[in-house]
Amino acid sequence: MSFLNLSMLLTGIGFLSVPLLILLIHRRRQVIPWAAYAWMAKALEKKKKRVRVTEILKLISKLLLLLALALLVGRLSFGGSGQTKTMIVIDNSLSMGATLEDGTRLEKAQALALRVVQTTDGIFSIWTYDGKLKRASALIENKAALGQQIAAIRLSSGAGNGRTLTDTLAEAADLKDVGTIVIISDFQSSAFSDGRVIEEMRSRLPDNLQLSFLPVDERASVPNLAVTHFELMPEGLHPGRENVVRVQITNLGSETASRVPVTLRLDDKDLDRVLVSLEPREDTWVEMRCELPDASPRQLDIYLPTDTYPLDDHFYLQVATRGSLNVLAIVPEKKSDEPFARDVFFRNALMAVGGSQRWNYKSILPQQIYQENLVNYDLVVLMGIPARKTDNMTPMLRQHLMEGRGVIAFADQNLGGDSPWSGLEIEVGAWQKEVSKELDAKRLENTYASFMTDETLNPSLIHLFRYLPIQNATAGRLYVSGEALPVITTSNAFGGQLTCVGFMPASGYTDIYFNPNFVQIVQRLAWETLQLSPVHSHVAKELTALAVSGLGRDSRYVAGLKGDTPQPASLVEQEGKGLVLRIEPPEQAGFVQILEDDQSFYSFGYNASRADSAIASSPELLRKHIEAQGESRIAVVDVGSLGSFSSSRELSILMIVLAVLALILENYAHLGRRN
């Protein structure tokens, strides 16, 4: 039997002390001897033992009677007599996957819900909450059926907060039929610490409704370190060589984390490990090395030691690099006085990473482009070749971009004139020549030379002597001192990626190609223009409309964690995205494989959302807010106050037994021991 409001019960039990106090403070009267006292003392001595036993029996009977009344009052405070209707809401959001000493928060919530059902008479409905309120059972009295519904609840991939809970409760179908709502949750600080949540619940829920919060975790300090984000370096990810990736680690707990290992595992082999130390709410980025032997699909797992919340201790990624990328460079005919072709420095810097196995590089003259099918190329490079509105080549380049591919365009004053890219809708300023401008050291961030903020590197060693400032591109990727406009830009154009460079990597324009960092700049430039996505990772909300290229309208798709039985995936038409897959999120994180007509089609790493990773609980804050607002209809219930009786019938029997026993003892004391 659960006593959700203990005040009257404790008051009744407090009255048990009254007879004992009276007995303790009662003082024996002073006896003054008189003539017949000796005779009466002998008579009293005979009955002394009998009187003491009689008084003790009377005291016990009064205590039993008070205890029966206290239990009765305490029971009435829970909801009175009759059929109570209770709505039980079980939080099954991601944070309920945090571990306790004897299981997870969700498992404890299920056990508490079962205790409430078994120890309370009335009818119940069972609901779950994961950002959305979902009915698991209608209002019924069958305790066995309710127990089955509670046991069937599983951890969801969703997350919510106090305000969405209030919104969904106010619209719940059972709200008008119930007198009590019991919410069993971890009551995260990030979602429930705001006192306005209590105020809003009080104002929006019916006045006759009793709302009880039943916390599953009272710990004030909860450790939780999480892998929160992953990103490739700007130079990209290449097979056949060692790559560097960046990983974000966040301390979402309330304890300092000291020298915690972060491990990068490729397939089944640990490749790199770093140690991190973080204060609460602090995050850091670490660089980790990942060598890809070849272009075969690989499984990447970045993980931490298991802690209180294991759902964010792993970050799963499916790696699918391409073995060879096709590059077509359109280069002007080399003049007799030129020692090199115009693309020699760019080509060498590009080929420096991966060589011919990575880059299938081809150079042609402008008139030869009509012999090429640009569909066969991932990247087209214009080495000073203009793309004006009137140029015959321009429609081919626009079509290439419309198919989602990339174009890099270098400007040459001798060939392109003042508007070299007007056909690609790029506006430029006037040529700046006979100057010597250093890279702008104050605007290196988010540019292709951002790595030169390292104190060991000197961006002032790179100069531009002739350049074209670019006016209307989306993002600047290189700046020179004294110039407001960028000299390298990138933007989404016609559905593809267009990168414009306002100079040539050649003598008379710049000395950048002499700098050993030119290779890194070119790699960043090429990778961003290619717009490749070699790493596949998704969270639950993305699986409701997963866009994958190559979906067939007449094909059959199934999906599931590798090693598990795949489940059917729905193929639906979505406005703006076309055909997408709708996949039921797996119960656990891991690697998911999609099959098309029983053939491998697409694989990805499935990760729990980090939106619910701040797992610290706030029941004490809730209590303070409720007390501060003087709210009597809302209470945070102590789990220990849940009684151990199986039904109110047993409690009623106990109260009757106590009352009858008190009556028997009282009558025996008065009548049975009179003689």
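The values are calculated or read from the model by the stated rules, or taken from the named source; none is laboratory data. Owing to the predicted nature of the structure, the values given are computational and were not obtained by experimental measurement. Cβ: placed from backbone, ideal geometry, glycine included. Neighbour counts: every protein chain shown. For the accessible areas, the whole protein counts, side chains as well, though only heavy atoms, and no ligand, DNA or RNA atoms are used. Shrake-Rupley method; radii C 1.70, N 1.55, O 1.52, S 1.80 Å.
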query = Among the candidates 101, 141, 200, 171, which residue alone is open to solvent by 50 Å² or more (accessible area, probe 1.4 Å), closer than 29 Å to residue 253 by Cα and out of contact with any His (no Cβ under 6 Å at 6 or more places or on another chain)?
reply = 101
request  = Check whether at least one residue in the range 392-414 is touching a residue at least 12 places away in the same chain (Cβ under 8 Å), part of a helix (DSSP H, G or I), within 28 Å of residue 469 (Cα to Cα) and aromatic (Phe, Trp, Tyr), and report yes or no.
outcome  = no
message = Could you list, ordered by first residue, the pairs with Cβ atoms under 8 Å in which the first is in the range 431-452 and within 10 Å of residue 521 (Cβ to Cβ) and the second is among the basic types (Lys, Arg) and surrounded by 15 or more Cβ atoms within 10 Å (Cβ to Cβ), at least 6 apart or interchain?
response = 447/477; 448/477; 448/524
Residues of the range 197-233 classified as assigned to a strand (DSSP E or B) and closer than 30 Å to residue 290 by Cα, total = 8
remark   = Filtering the range 269-291 down to residues that are open to solvent by 80 Å² or more (accessible area, probe 1.4 Å) and among the acidic types (Asp, Glu) yields 279, 287, 291
Residue that is surrounded by the fewest Cβ atoms within 10 Å (Cβ to Cβ), among those in the range 174-188 that are over 17 Å from residue 131 (Cβ atoms) and in contact with a helix residue (DSSP H, G or I) (Cβ under 8 Å, 6 or more places away or on another chain) = 175
ask   = With 393, 383 as the choices, which residue is buried (at least 18 other Cβ atoms within 10 Å of the Cβ), within 21 Å of residue 497 (Cα to Cα) and touching a strand residue (DSSP E or B) at 6+ places or on another chain (Cβ under 6 Å)?
value = 383
task = Give the residues of the range 150-168 that are buried (at least 17 other Cβ atoms within 10 Å of the Cβ) and more than 18 Å from the chain's Cα centre (by Cα), sorted by residue number.
result = 150, 153, 166, 168
request  = Considering each residue of the range 430-459, count those that are open to solvent by 40 Å² or more (accessible area, probe 1.4 Å), at negative phi and not β-branched (Val, Ile, Thr), and give that number.
outcome  = 14
request  = Could you please find all residues in the range 494-515 being open to solvent by 10 Å² or more (accessible area, probe 1.4 Å), of a type in the set (S, T, N, Q) and within 17 Å of residue 528 (Cβ to Cβ)?
outcome  = 497
note = Considering residues that are charged (D, E, K, R), surrounded by fewer than 20 Cβ atoms within 10 Å (Cβ to Cβ) and in contact with a helix residue (DSSP H, G or I) (Cβ under 8 Å, 6 or more places away or on another chain), the number found within the range 561-620 is 3
task = Please work out which one of (1) farther than 30 Å from residue 591 by Cα; (2) out of contact with any Lys or Arg (no Cβ under 8 Å at 6 or more places or on another chain); (3) in a strand (DSSP E or B) is the condition residue 499 fails and give its number.
result = (2)
